Structures are given as C-alpha cells and as structure tokens.
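Bear in mind that the values in this text are calculations on the coordinates, not laboratory data. This structure is a prediction, so every number in the text was calculated from the model and none was measured. For neighbour counting, all protein chains shown are included, and Cβ atoms are generated from backbone atoms with ideal geometry for every residue, glycine included.
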Amino acid sequence: MNARGWAAIALLGLSNLFMTLAWYGHLRYRPETKLSLRSWLTVVLSSWGIALFEYLLQVPANRLGFRGTGGPFSLPTLKVIQEAISIFVFVLVVRVLFQNEPLGWRQWLAFGLVLLAVGLTWSDPN
C-alpha cells in the first residue's frame with residue numbers, strides 16, 4: 001500500500017472519532033434527563049458542529065483512498081475499510097466513555113465478521 005492509502009486510513013480514523021463522538025458522546029452526559037425541545041436542539045446543534053470535522057476529514061480521505069482519484073482502493077474496499085475503522089473507534093469510545101456498557105460475544109463476533117469483510121474486499125482485483 002502506498003502513502004495515499006495510509007493517509008486515507010489515518011484520515012478515516014480521525015473522521016470516525018469525530019462522528020462517533022457526535023453520534024454517541026452526548027449520551028454520556030445527563031442521560032437520565034428528559035429530552036426537552038431546548039436540550040434536543042442543543043444536542044443536535046452540538047453534534048452537527050462535531051460532525052463538521054468528520055466531513056472535513058472524510059471527504060479528503062475518500063479522495064485520497066479511491067482508486068478512481070489515484071488511490072489504492074476500489075470503492076467497495078474503501079467503504080468496508082471505513083466501516084471496520086468505525087467499529088474499532090466505536091469500541092474505543094465505549095471503553096473510555098461508557099465503561100459500564102457491556103460488549104458481549106455477539107458484538108465481538110459481529111466486529112470480527114466486519115474485519116473478515118475487509119479482508120475479502122482488500123484483494124479485490126477490480
């Protein structure tokens with residue numbers, strides 16, 4: 001794999017960190033309170049603000065990684081790599097922010113199957 005591929009993977013990792021925090025980070029703070037219109041707007045707007053950084057990293061990651069724009073990966077391979085990174089980042093966030101949230105054998109098996117999908121698409125000759 002060339003430098004564009006590694007750069008794409010690094011940017012995908014960072015973008016997924018922002019996206020995971022935007023989607024799930026707010027659940028860490030005051031989850032027991034009812035969702036009023038004001039708190040809902042606060043959560044949505046702050047999540048969008050965090051997600052902006054995800055897009056600022058995701059778009060160049062896809063352009064660097066996609067074979068059609070000079071990268072090493074087919075589009076399906078790029079997508080599956082992104083999903084695997086997303087799960088890896090999600091597990092890290094759960095372990096750090098949600099330490100009481102269990103991950104059982106079914107979740108680990110599902111994560112393993114996604115990694116298997118990466119392996120299956122990685123050697124895609126097209």
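Based on the mean of other beta carbon atoms within 10 Å per residue, what is the order of 108-114, 7-13, most packed first? Could the numbers behind the result be given before it?
Values: 108-114: 11.9, 7-13: 19.1.
The peptides rank, most packed first, as 7-13, 108-114.
How would you rank 77, 121, 42, going from fewest to most other Cβ atoms within 10 Å of each one's own Cβ?
Details: 77 22, 121 18, 42 12.
Sorted ascending by nearby Cβ count, the order is 42, 121, 77.
Summing -39500 (n - 2.57) over the DSSP H runs of n ≥ 4 in the chain and dividing by its residue number, what mean residue ellipticity at 222 nm do you reach, to the nearest 500 deg cm²/dmol? Please list the in-between numbers first.
Values: 4 runs with 92 residues, N = 126.
Rounded to the nearest 500, it is -25500 deg cm²/dmol.
Using 0.36 nm per residue and subtracting the Cα-Cα separation, the extra length available between residue 41 and residue 55 on full extension is 3.0 nm.
For the chain, the spread of Cα coordinates along the three principal axes comes to 51, 34, 19 Å, biggest extent given first.
Return the loop-located GluC sites (Glu not before Pro) in segment 1-99 (DSSP other than H, G, I, E, B) with at most 16 other Cβ atoms within 10 Å of their own Cβ; answer none if there are none. Spell out each step's value before the answer.
Values: sites: 32, 54, 83; in loops: 32.
Qualifying residues, ordered by number: 32.
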